[in-house]
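Structure record follows, encoded as structure tokens.
Only the coordinates and a few stated rules stand behind these numbers; no lab work does. In this text, all values refer to a predicted model and were calculated from it rather than measured experimentally. Here the Cβ positions follow ideal geometry from the backbone for every residue, glycine too, while neighbour counts run over all protein chains shown.
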Amino acid sequence: MIELRNVTRRFGDTVAVDRVNLTIETGEVCVLVGSSGCGKSTTLRMINHLLPHSAGEILVDGEDTTAMNPQQLRLNMGYVIQGTGLFPHWTVARNIAMVPRLLKWPRQRIDARVDELMKLLDLDPATHAHKYPQQLSGGQAQRVGVARALAADPNILLMDEPFGAVDAITRENLQLEMLRIQRQVRKTTVFVTHDIDEALKLASRIAVMDQGRIIQHDTPENILRRPASDFVESLVGKQDRGLKLMSLRPVRDLMTPHGSPKPSRPGADVLREDDNLRLALSVMLWQDLPQVAVFNARGEETGVITRERIIQEGA
Amino acid sequence: MSVTGPVASRIPPNRVIPALALSALVLVWLLDLGTIQPNRIVAGTGHGLLSSLGWIGAGLVTAVLAASIVLSMVPLARRYLLLLGLTGLSLAALPLLLEVFASRHLPEDSPYARSSMGAGFWCLLFLLSLMLIEILGRLKTRRSLQLMLLVFVCGSWLTLLRSDGLESLSLVREFNGQGGQFRQALWTHLALAFGAVSISAVLAFVLALKMIRNTAWRRPVLGAVSFLQTIPSLAVFGLLIAPLSALSSAFPVLQSLGIRGIGWAPALLALIAYSLLPMVRNTFVALTEVPESLADAGRGMGMTEGQVFFQVKLPLALPVIIEGVRITTIQAIGLTAVAALIGAGGFGSFIFQGLGQAAMDLVLLGALPTIALALLADALLTMLAASLKPTSARS
Ligand SMILES: Nc1ncnc2c1ncn2[C@@H]1O[C@H](COP(=O)(O)OP(=O)(O)OP(=O)(O)O)[C@@H](O)[C@H]1O
Ligand SMILES: [Mg+2]
């Protein structure tokens, strides 16, 4: 658990972070969102004490960070830097192995861990382990950045715009992977972005920041339904909130289940239980169907969802 | 290089090699290949190609040069490999021309007579070397192969120069006349140049660190080392004589260490002073140009300041620091020759003795090894810097 109590950071006369109170529960993903220069990175960097705070206190698992050894604190916090920050003179494998090496893990354990992480992030160890960062694409480099942060299995993950410099499709893939990994490893995560859609997709709770302050800290659904101010309202987009809410809910919520799953039927682009309602509606509009079948992860048909019900109850 | 027929016919003719070979051909026929001196000081009589080597020798030289012109024009896939063999062997065998020349023209009854290389020979040597460089560039050979070729050519020269047939060559005569002093000069030269470079490297490193930690040090340090660089080298050597002799007469301990107004001590001091600017500047720039975001990444992941420095900053700065060491080393090897003026020894002493005695061959005996040392240091340090850049070496 991470607690920020009345935390302030000044740079000379400018106040970058202004009396911030924020509690991040163990295992949840807290997304800091806000426009450029609002103090997101500064907040993140105060949590691992890369920047000392000017006032207030920061507690990690109940312990004040100013009293802790900064190296010890940081070794237990994976950190993904804005703009990857990979070391250009080290190979991909060596970059990922960085924290385990600092922790003096035995060689075999490091090698095995690097291999495991590269596979987790969909990077083929045979082709990529010995490349240098300059030889990677932007998306691959960011995967390596995430792998490096996860390497020593830290309890806490700090991610500063980890998917910043990539195209929309790669970004989407990385987000899906992030969700998959989060389901597997459950880290207490502080994730910085200025993309509200990314925030809605990944967050357990979102903290909206503006000019160094936290305007609203709540679940994605509440942020959409009850924005605390005009600023939050314009950030989430006034008009298409309906569709955004739909994209937060899985098909499972509104489908009519069959008594027992029907045996699988071949088909590639079928709708799954954990796809979102927005996608389901889009499929039905495009194919001009009143209802579609829903499948589970094993490919069995488990129910149907109707267009009518989505429109009535979706948002 | 496994180019087959149809592709081979599209290989364009090389323009550089024919031009070089043609110039070599013209110059070697126009200029004297060698001269014979009755003794060390008296001016010699020159001999052209034909007179020096006879019809067979002159024909052979002409044939080799003509062959390389033809080879570089024909669209043959492996022509550069053939040319490499031809020029490499010719360069290695070049001293044989002098041997033939000496055997034909050296009067047997006069023990002081000596042969020396004429302008034609130097031109041939120079142009053949240029051809070799061009061929190596076209072949895109690896550095290790280039080094092997260099060792082969140099080795062949050394072996041939030591053989009996070339005993009369003036350069060899001077070398033999100096006896053990040549080796002594080599060691002094190396010790002075590399000693100065090592000491200034350590000093520069400390100064650069100070400048990074404390911005107030930057201007004065850079100003001071730049100022040192602007004093003419001879003046520095001269200016150090007075204070050092005063010091050594005040403290006899220094005298017993060999520290006097002239000799190695002022030379070393001056060389260090000169080496500081390139060293400090490159080390400082190299270390400050490592992006702060990388140092931050290291810290953010739990590195201590020491680990950030030794594992991130230093390795990333090293190629540029080594570039500074390279420049400084070449400069120091050259300046060490000048330091002979204040009695420091080294190859410079041959140069200044030779100038004093109007014996050009003695000058060459000092100048040629100085140039060779500088080239060697340049090649080795360039290789070192290249091997430390991970991606450029392997991608
Ligand atoms: N080292 C520093 N010195 C002075 N001012 C700083 C420093 N770091 C940040 N600031 C200021 O603090 C404010 C917040 O910066 P911060 O980097 O936290 O923004 P951000 O929300 O991460 O923005 P972005 O989305 O562009 O990364 C900015 O106004 C910035 O100019
Ligand atoms: Mg930022």
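Under the rule of -39500 (n - 2.57) per DSSP H run of 4 or more residues, summed and divided by the residues of the protein assembly as shown, what mean residue ellipticity at 222 nm is obtained, to the nearest 500 deg cm²/dmol? Can you show the working numbers first?
Values: 31 runs with 413 residues, N = 710.
That calculation yields -18500 deg cm²/dmol at 222 nm.
Using a Gaussian network for chain B with springs between C-alpha atoms less than 10 Å apart, which of these wobbles most: B:334, B:155, B:345?
Maximum among the listed residues: B:155.
Which FRET efficiency value, to the nearest 0.05, is calculated for residue B:26 and residue A:112 with the Förster distance at 56 angstrom and r the Cβ-Cβ distance?
Working: r = 70 Å, r/R0 = 1.24.
Between residue B:26 and residue A:112 the formula returns 0.20.
What list of ³J(HN,Hα) values in whole Hz, one per residue of region B:87-97 in order, does the Karplus curve 6.51 cos²θ - 1.76 cosθ + 1.60 (θ = phi - 60°) give from phi, with Gly and Pro shown as x?
Values, residue by residue: 5, x, 5, 4, 4, 5, 8, 3, x, 4, 4 Hz.
How much of the DSSP beta bridge set in the protein assembly as shown is antiparallel, as a percent to the nearest 5? Write down the numbers at each step before the final one.
Working: 36 of 57 bridges.
Roughly 65 percent of the beta bridges in the protein assembly as shown run antiparallel, per DSSP.
Could you estimate the translational diffusion coefficient of the protein assembly as shown from the Stokes-Einstein equation, with Rh from the Kirkwood formula over C-alpha pairs, at 37 °C and 0.692 mPa s, in whole µm²/s?
On the way: Rh = 32.7 Å.
Taking Rh from Cα pairs, D becomes 101 µm²/s.
Compute the separation of the alpha-carbon centres of region A:148-200 and region B:219-286 and state it in Å as a whole number.
Their Cα centres are 58 Å away from one another.
Taking the Cβ of residue A:251 as the center, what net charge do the other residues with Cβ under 12 Å away carry, scoring Lys and Arg +1 and Asp and Glu -1?
On the way: positive: A:249, A:252, A:272, A:278, A:309; negative: A:253, A:273, A:274, A:275.
Net charge around residue A:251: +1.
Among all the lysines, which ones have a C-alpha under 18 Å from residue B:389's C-alpha, if same-chain residues fewer than 8 places away are not counted?
Result set, ordered by chain and number: A:131, B:313.
Quick one: give the max-minus-min coordinate of the C-alpha atoms of chain A along each principal axis, largest first, in Å.
60, 51, 33
In whole angstrom, note down how far apart the Cα centers of region A:94-109 and region B:325-395 are.
45
Mind checking which of A:243, A:27, B:88 is farthest towards the positive end of the protein assembly as shown's charge dipole, using Cβ charges of +1 (Lys, Arg) and -1 (Asp, Glu) about the Cα centre?
The Cα lying farthest towards the positive end belongs to B:88.
For residue A:238, go through the aspartates and glutamates and keep the ones whose alpha-carbon is under 12 Å away, minus same-chain ones fewer than eight residues off.
List returned: A:230.
If you take the Cα Rg of chain B and divide it by 2.2 N^0.38 Å, with N the number of residues, what do you get? Working shown, then result.
On the way: Rg = 26.2 Å, N = 395, 2.2 N^0.38 = 21.3 Å.
Taking the Cα Rg and dividing by 2.2 N^0.38 Å, one obtains 1.23.
Given a 10 angstrom Cα cut-off, can you work out which residue in A:187, A:40, A:262 is the most mobile in a GNM of chain A?
Of A:187, A:40, A:262, the most mobile in the Gaussian network model is A:262.
What percentages make up the Cα-Cα pair-distance distribution of region B:179-394 when the bins are 5 Å wide from 0?
Per 5 Å bin, starting at zero, the Cα-Cα P(r) for region B:179-394 comes out as 1, 7, 12, 15, 16, 14, 12, 9, 6, 4, 2, 1, 0, 0 percent.
Considering the options A:264, A:39, A:151, tell which one lies farthest towards the positive end of the dipole of chain A, charges being +1 on Lys and Arg and -1 on Asp and Glu at the Cβ, about the Cα centre.
A:151
Of A:94, A:298, A:252, which has the largest mean-square fluctuation in a 10 Å C-alpha GNM of chain A?
Among A:94, A:298, A:252, the largest mean-square fluctuation in the Gaussian network model of chain A belongs to A:298.
What average number of partner chain Cβ atoms lie no more than 10 Å from the Cβ of the residues making up A:69-77? Let's see the in-between values first.
Numbers: counts 2, 4, 7, 1, 1, 6, 3, 1, 3.
Neighbouring Cβ atoms belonging to other protein chains average 3 per residue here.
State the answer as a single residue: which of B:221, B:266, B:343 lies farthest towards the positive end of the charge dipole of region B:179-394, with beta carbon charges of +1 for Lys and Arg and -1 for Asp and Glu, about the Cα centre.
B:221
Based on Cβ point charges of +1 for Lys and Arg and -1 for Asp and Glu, what charge dipole magnitude is obtained for chain B about its Cα centre, in debye rounded to the nearest 20? Show your work: numbers first, answer last.
Working: 25 positive and 15 negative charges, 226 e Å.
With only Lys, Arg, Asp and Glu charged at Cβ, the dipole is about 1080 debye.
Report P(r) for region B:189-269: all Cα-Cα distances, bin width 10 Å, range 0 to the bin holding the largest distance, values in whole percent.
16, 35, 35, 14, 0
Run down the lysines and flag those whose C-alpha is under 17 Å from the C-alpha of residue A:244, throwing out any fewer than 8 positions away in its chain.
The reachable lysines, counting only those whose Cα sits under 17 Å from residue A:244, are A:201.
Can you pull the mean other chain C-beta count within 10 Å for peptide A:84-90? The partial results should precede the final answer.
Details: counts 2, 9, 2, 7, 9, 11, 4.
Taking the mean over all residues of the peptide, I get 6.
What shape does region A:169-315 take by its C-alpha gyration tensor, where a ≥ b ≥ c are the square roots of the eigenvalues and a/c under 1.5 counts as rounded, a/b above b/c as prolate, and the rest as oblate? It would help to have the intermediate numbers written out before the result.
On the way: a/c = 2.50, a/b = 1.66, b/c = 1.50.
Prolate.
About its Cα centre, what dipole magnitude does the protein assembly as shown give when the only charges are +1 on Lys and Arg Cβ and -1 on Asp and Glu Cβ, stated in debye to the nearest 20? Mind showing how you got there, number by number?
On the way: 64 positive and 54 negative charges, 151 e Å.
About 720 debye.
Excluding residue B:317 itself, calculate the net charge of residues whose Cβ lies under 11 Å from the Cβ of residue B:317, where each Lys or Arg counts +1 and each Asp or Glu counts -1. Don't skip to the answer; put the middle values down first.
On the way: positive: B:313; negative: B:289, B:323.
Net of charged neighbours comes to -1.
Please provide three numbers in whole Å: the alpha-carbon extents of region B:6-167 along the principal axes, with the largest listed first.
62, 32, 23
About the Cα centre, and with charges only on the beta carbon of Lys, Arg (+1) and Asp, Glu (-1), how big is the dipole of region A:82-211? Nearest 20 debye, please. Display every interim value, and only then the final one.
Numbers: 17 positive and 15 negative charges, 146 e Å.
Roughly 700 debye for region A:82-211.
Can you tally the net charge around residue A:242? Count Lys and Arg as +1, Asp and Glu as -1, for every other residue whose Cβ sits under 11 Å from the Cβ of residue A:242. Don't skip to the answer; put the middle values down first.
Numbers: positive: A:225, A:238, A:241, A:244, A:278; negative: A:240.
Local charge sum for residue A:242: +4.
Could you derive backbone 3J(HN,Hα) for region B:268-276 from the dihedral phi with the Karplus parameters 6.51, -1.76 and 1.60 (θ = phi - 60°), listing whole Hz in sequence and x where the residue is Gly or Pro?
Calculated HN-Hα couplings, in order: 4, 4, 5, 4, 4, 4, 5, 6, 5 Hz.
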